[in-house]
Amino acid sequence: MPKQHVSISVTELKKSYKNKEVLKNVSFSVPGGTIYALLGTNGAGKTTIVKILSTLLKPDGGSASIHGFDVVSQEREVRKLISLTGQFTAVDDVLTGRENLHLIGQLIRLPDVKRKTGEWLSFFDLEDAADRKVSTYSGGMRRRLDIAMSLMVHPQVLFLDEPTTGLDPQNRIAMWDFVKNLAKNGTTVFLTTQYLEEAESLADNVGILHKGEILAEGTPQYLKEILPKRGARLHFQNEENAAKAMELLSEHGILVDGMEPNLPSLEDVFLTLIDGNEEDNRHV
Amino acid sequence: MYERKTNIIFDSWVMFKRCLFISLRNPEALLVATIVPFLLMFLFGTVFGNIANVGDMNYIDFIVPGIILQSLGQSSQYSAMNMTTDMTKGILDRFRTLSISKTAVLIGHTGAGVVRNSISTLIIIGTAFLLGFRPQGNFRDWLLVIGLLTIVNIAISLLAVMCGLLSKTVEGSSGLMLPLFILPFVSSGFVPVDSMDRGLKLFAEIQPMTPIIDSFRALTLGLPFGDSLWTALIWCVGIIIAAFTLSIQIYQRRIS
């Protein structure tokens, strides 16, 4: 990827709520047009970081900037660049999907709001539900609407706070594809997640946040390499081949610790079955 | 400077439309804003009308302003609840990252409250007419009545928004509105102040509901109103300024 300017830069960020130190000393930077995943358990401080970066919360110490604009002293400039999809879906339940999008379009003074609203509805497969109250939507639909509202402002930097929490596996994978596409088109995506496989399959860079500190940071590959060696695994087409290989290996004096047949994960089973049966193919 | 000013107006207008939708789509709120005022007017007009003694006045004529203020307080609790809902859900974060004017959300909820309450008021006056309300005010009096009711309405809606901002839970916000339901009963709204105990009478005379009710009555029935109209206006303007300033401060504190 050619765009290597720094999109998000965080230096020695500190934040406490009353006596509780939530962020101790957090520093990282995110190159433009890449996906950064902040991985951590509940209470690690992920949402606090997102809130500070999206100008909703003031840090106690350190600094953070988006495209060079300080999130505290230049919040107006920052807000023009960013969009946030928080953990709690920021949609109006009693309004319809169309009205929700229309509201945001009006607030940002988008020209031709009606047409743009229609485009986003169809992009996120919400056309059929467009004129229904959001309170009747499923979790996945609400999330899609929420993200559509975030994207309406054409952000350079998109913050997604646990974007796939509460989504079924199918919608989750659709969300991943969608996020990858966004980054491909130049948007910097900063997301938080509790799921290892999400960070692994999505992110260019991962930061592991624990109790307010970044424990490790780097590409998923790098993070795996820094762990001590844990042995190697051979894969074979079938069990026969594996048995043969074991014989050959023991002839040459290499000890095989054990053999186990390769079972598909439950997720593979689920997705294969669903995909065969699914008529309405949803993408995010 | 000029640009920022137009932003506030535009943002508030968009927010007002949003809040109006929210308010008018809540079946419970709509019921409280329409059926309840009708029932209140109807019950007081028919059941109590026969036993109440308000001198040589017709009880229907006497009671209209009291019922109006009573139901303004009741239907305004939905403004408070809607405000708390916004404060506790994610939508406010979205508005904030969009850099919209800070006061737009407050003005939107206040405006929507004023519209909903005006519907209640019209229903009450309509019902009163059916039950025999016969106002004698001329055109100028009615203009003053409309002006007075609008200012009262803004003041009460702003108080509701403030209660909504103060409360941490949606249920709590309507609880904070309780004084507004009670004040009309301890005023000249339902019985003449002169018929009250001394302590009660003193309270009724100094609280804002009494001058508002007296002014309405004087304007619609062609009675002398003395200082009551001015007192009512001063109360309302004072409440509007205080509630608005406080609301902005509470809002700022809660979002930072």
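None of the figures in this text is laboratory data; all of them are computed from the coordinates on show. Everything numeric here is computed off the predicted structure, so don't read it as measured data. Cβ sites come from the backbone with ideal geometry, for glycine too, and all protein chains shown count toward neighbours.
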(message) Could you list A:22, A:179, B:54 so that the one with the fewest beta carbons within 10 Å of its beta carbon is first and the one with the most is last?
(response) B:54, A:22, A:179
(request) Please give, to one decimal in nm, the separation of the simple spin-label points placed at residue B:51 and residue B:237, each 7 Å out from Cα toward the Cβ. (result) 4.3 nm
(request) Could you tell me, in Å, what Rg and Dmax come out for the Cα atoms of the protein assembly as shown? (result) 31.1, 119
(request) Compute the separation of the alpha-carbon centres of the range A:74-130 and the range B:134-193 and state it in Å as a whole number. (result) 36 Å
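Quick check: convex hull over the Cα atoms of chain A, volume per residue in Å³, rounded to an integer? Before the final figure, lay out the partial values.
Working: hull volume 48.5 nm³, N = 284.
Here the figure is 171 Å³ per residue.
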(request) May I ask you to compute the full-extension gain from residue A:216 to residue A:136, defined as 0.36 nm times their residue separation minus their alpha-carbon distance, rounded to one decimal in nm? (result) 24.6 nm
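Test of understanding: what is the full-extension gain from residue A:108 to residue A:25, defined as 0.36 nm times their sequence separation minus their Cα-Cα distance? Could you put the intermediate results ahead of the total?
On the way: separation 83, 0.36 × 83 = 29.88 nm, distance 3.51 nm.
Length gained between residue A:108 and residue A:25: 26.4 nm.
Under the Kirkwood approximation for Rh and a Cα-based Rg, what ratio Rg/Rh is obtained for the range B:48-115? Write out the running numbers ahead of the final one.
On the way: Rg = 19.5 Å, Rh = 15.0 Å.
So for the range B:48-115, dividing Rg by the Kirkwood Rh gives 1.30.
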(message) Just to be sure I understand the model, the point goes 7 Å from the Cα along the line to the Cβ. What's the resulting residue A:268 to residue B:249 distance in nm?
(response) 6.5 nm
(request) Could you tell me which of A:159, A:178, A:17 has its Cα farthest along the dipole of the range A:6-226 towards the positive end, charges placed at Cβ (Lys, Arg +1; Asp, Glu -1), taken about the Cα centre? (result) A:17
(message) Among A:88, A:178, A:236, which one shows the highest mean-square fluctuation when chain A is modelled as a Gaussian network with alpha-carbon springs under 10 Å?
(response) A:236
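As a quick test, which of the pairs A:133/B:89; A:14/B:89; A:184/A:224; A:51/A:80; B:17/B:102; A:51/A:133 have an alpha carbon distance above 19 angstrom in this structure?
On the way: A:133/B:89 17 Å; A:14/B:89 26 Å; A:184/A:224 24 Å; A:51/A:80 16 Å; B:17/B:102 16 Å; A:51/A:133 28 Å.
With Cα atoms farther than 19 Å apart: A:14/B:89; A:184/A:224; A:51/A:133.
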(message) For A:235, B:109, A:210, A:5, which order do you get if you count the other beta carbons within 10 Å of each Cβ and list the fewest first?
(response) A:235, A:5, A:210, B:109
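Using the Kirkwood formula on the Cα atoms of chain B, what hydrodynamic radius do you get, in angstrom to one decimal? Show your work: numbers first, answer last.
Details: mean 1/r = 0.0528 Å⁻¹.
For chain B, the Kirkwood estimate is 18.9 Å.
Report the Stokes-Einstein translational diffusion coefficient (µm² s⁻¹, integer) for the range A:10-128, Rh taken as the Kirkwood radius over Cα pairs, at 20 °C with viscosity 1.002 mPa s.
Working: Rh = 16.6 Å.
Answer, rounded: 129 µm²/s.
Take every Cα-Cα pair in the range A:1-57 and report what % of them are more than 16 Å apart.
Values: 771 of 1596 pairs.
Cα-Cα pairs of the range A:1-57 separated by over 16 Å account for 48 percent.
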(request) Select from the range A:202-260 those trypsin sites (Lys or Arg not before Pro) which occupy a DSSP coil region and have at most 13 other Cβ atoms within 10 Å, ordered by residue number. (result) A:229, A:230, A:233
(message) Looking at the range B:165-241, I'd like the Rg to Rh ratio, where Rg is from alpha-carbon atoms and Rh is Kirkwood's inverse mean 1/r.
(response) 1.06
(request) Taking only Cα atoms and a 10 Å spring cutoff, compute GNM fluctuations for chain A and point out the largest among A:167, A:202, A:23. (result) A:167
(request) Can you give me the P(r) profile for the range B:36-80? Cα pairs, bins 5 angstrom wide beginning at 0, each as a whole percent. (result) 5, 22, 29, 19, 13, 7, 4, 2
(message) Springs between alpha-carbon pairs under 10 angstrom, Gaussian network model over chain A: which of A:71, A:256, A:91 fluctuates most?
(response) A:256
